[in-house]
Each structure stands twice: as structure tokens, then as C-alpha cells.
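This report refers to the structure that appears directly beneath it.
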Amino acid sequence: MRIQNINLNSQKIKDKENQINDLLSEILNRNIIDAETHKFIEDFVNESKTIENQENLYFKELNAFEKKLLKEIERKYKLVKKDYYKNLWTVLGMATFGPLISGLFGSVFKNMAFIEIGFPVGLLIGRQLGSYMDKKAAEENRQLNIK
């Protein structure tokens, strides 16, 4: 099952189609998806062949399909892309641990000039936690071989 629209020949479209085809082959080779997910993929592949002369619309639909498929695969089968948790927890670490550590530094030193120290520390904590979770997902064979 491959996505290929012969009506649109843009390099941007071809690159995105190749990226999604790699994702599809990785998912389908694992033989774990149910009939509902398989039908969702099949419907989009068939629908993608009918779009003509609407390059921007087709590109947006490819992006939406990829995001929806990745969310579905992550939710149902706990499969994630490489560095998924690292990217997620880098932001979450900065947003959750950063303000706490900033407040701690500010109150301990009784100087709010130290408030900026907490965000990079939170970023590092989140990145390390995400790296650990990525490594754990790879050991459990829950990581897709795509970026």
C-alpha cells in the first residue's frame, strides 16, 4: 500500500509522500494493526489518488493524515517515532520543572535575578527523562524506525 499521486509532481509533495510511505511500511510490517486502522489507511490511500491540481490542499491533507495516524498508533499500540519522548519532555520539563526550580532559586537566594536559572535546568531534566523513556521504548520494541 503506497501513497502516490501522479497528478502532482512537486518535490515537496514527493518528499512528504515518501515520508508517509516509510511510516506505512514500518507500521504494516509489524502486523499488529486492527481492521479499523487498516481501513483508515486504505481509505486515505485510495482518496489521495483522486486529488488533482490542488497542491497546497493535498500537502495539508498529507500532514493531517500523518499526524492522525501517528496519534492513533501511539494511542492504540503505544508505538512512537524516534525521539518522541525526548521532544515531548524537553518542552514539558521546561514548562513544569522550570518555574518550580526558578521559584526555589529565587526564594533561597532572596533575589529574583536567579529566576532565569530554573528554565534551563528544567529543560535538561525533561530532556534526560525523555531520553530515558525513548531508550525504554526501544528496548520494548515500541519505537518506529523513523524520525
Please state which one of Asn145, Asn111 is closer than 30 Å to Glu36 by Cα and not assigned by TED's automatic domain parsing to the domain that holds Ser25. Asn145
Search result, residues across the stretch 130-140 that are more than 17 Å from the chain's Cα centre (by Cα) and either under 19 Å from Asn31 (Cβ atoms) or crowded, with 18+ Cβ neighbours inside 10 Å (or both): Glu140
Those residues of the stretch 44-78 which are farther than 16 Å from Ile33 by Cα, free of Cβ contacts under 8 Å to residues at least 40 places away in the same chain and within 14 Å of the chain's Cα centre (by Cα), in sequence order: Ala64, Lys67
Are any of the residues in the stretch 82-94 surrounded by fewer than 17 Cβ atoms within 10 Å (Cβ to Cβ), at pLDDT below 80 and outside any helix (DSSP H, G or I)? no
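The values are calculated or read from the model by the stated rules, or taken from the named source; none is laboratory data. Model, not experiment: these values are computed from the prediction. Please note: Cβ atoms are built from the backbone with ideal geometry, for glycine as well, and neighbour counts cover all protein chains shown.
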